[in-house]
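All remarks here apply to the structure that follows.
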Amino acid sequence: MSVRRLSPNQPASFAFTEETKTKAEWWISKFPAGRQQSAVIPILWLVQKQEGWVSEPAIRLVAELLGMAQIRVLEVATFYTMFMLEPVGSHALVQVCGTTPCALRGANDLMAYCKKRIGPKDHLSADGKFYWQEVECLGACSNAPMAAINDYYYEDLTVESLGEILDEFAAGKPRAPGSAIGRQGAAPEGGPLTLSEPSLYDGSRAKPIKSLPNAPKPGAKEPAQ
């Protein structure tokens with residue numbers, strides 16, 4: 001496991017927005033009295049959604065909110081790779097899957113493009129809009145190669161389609177997630193090859209339900225007792 005440390009460049013302070021504070025209190029309320037520390041992961045996630053990353057002042061404030069030792073919150077933040085420990089792009093955090101299925105389908109080309117366009121991995125771009133990194137399997141192997149951009153998956157990528165997607169993010173008009181070639185779910189390219197008969201799903205093959213011999217007819221009143 002790689003060593004994960006906080007960024008050497010930290011803000012002077014951190015404060016919850018009213019919306020984030022309300023959500024944090026909701027999470028805390030889900031746990032019994034004395035067990036509020038169980039909310040540490042969702043509250044750190046709320047911090048990340050607010051700021052884009054988890055800073056040291058934010059860790060201190062979360063520890064104070066939950067009555068935890070700061071080191072315990074730091075342990076959580078540095079253990080889970082879902083938490084970014086340094087500033088990321090204001091427009092997009094690009095996480096390119098580099099595991100075998102994606103690598104065989106062109107992930108290395110995607111990463112070379114990200115390096116050329118954004119800069120070295122695990123670094124903020126010069127304009128502050130993008131940050132990219134290589135990650136392990138994200139579970140969309142059937143639609144390789146793919147990348148997670150912010151909260152969503154973009155699949156069946158090529159260098160060209162990834163470039164178009166990043167152009168749209170740079171313009172503040174992010175594309176809807178999903179397959180770049182219009183694939184339906186994880187179906188084969190071009191559409192499903194089996195179980196494609198509509199009658200399998202539209203109910204036309206369903207047999208009518210036979211009424212029991214003494215069952216009352218629809219709308220009939222039950223006999224008085």
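Residue 97: net charge of surrounding residues, Cβ under 9 Å, Lys/Arg +1, Asp/Glu -1, itself excluded?
On the way: positive: none; negative: 134, 136.
The answer is -2.
For the chain, the fraction of C-alpha pairs farther apart than 24 angstrom is 59 percent.
Rg/Rh for region 1-115 to two decimals, with Rh computed the Kirkwood way over all alpha-carbon pairs. Write down the numbers at each step before the final one.
Working: Rg = 16.6 Å, Rh = 15.8 Å.
Over the Cα atoms of region 1-115, Rg/Rh equals 1.05.
Between residue 194 and residue 20, the FRET efficiency estimated from the beta carbon spacing at R0 = 35 angstrom works out to 0.15. So what is the orientation-averaged projected area of region 92-179, using the convex hull of its C-alpha atoms, in nm²? Answer in nm², one decimal: 4.9.
Please tell me which of these pairs span more than 25 angstrom C-alpha to C-alpha: 116/173; 49/129; 30/173; 115/173? Beyond 25 Å between Cα atoms: 30/173.
Using only alpha-carbon positions, what ratio does the radius of gyration of region 63-139 give when scaled by 2.2 N^0.38 Å? Intermediate results must be reported in sequence, preceding the final value.
Working: Rg = 15.6 Å, N = 77, 2.2 N^0.38 = 11.5 Å.
The reported ratio for this selection is 1.36.
Taking every Cα-Cα distance in region 18-79 and sorting them into 5 Å bins starting at zero, the pair-distance distribution P(r) comes out as 4, 20, 34, 26, 14, 3, 0 percent. Label zone of residue 173 (point 7 Å out along Cα→Cβ, amide N under 18 Å): in region 67-96 this covers 91-92.
Taken together, the values in this text are just the output of simple stated rules run on the coordinates, not laboratory data. Quick caveat: nothing in here was measured; it's all calculated off a predicted structure. Reconstructed Cβ throughout: ideal geometry from the backbone, glycine too, with neighbour counts over all protein chains shown.
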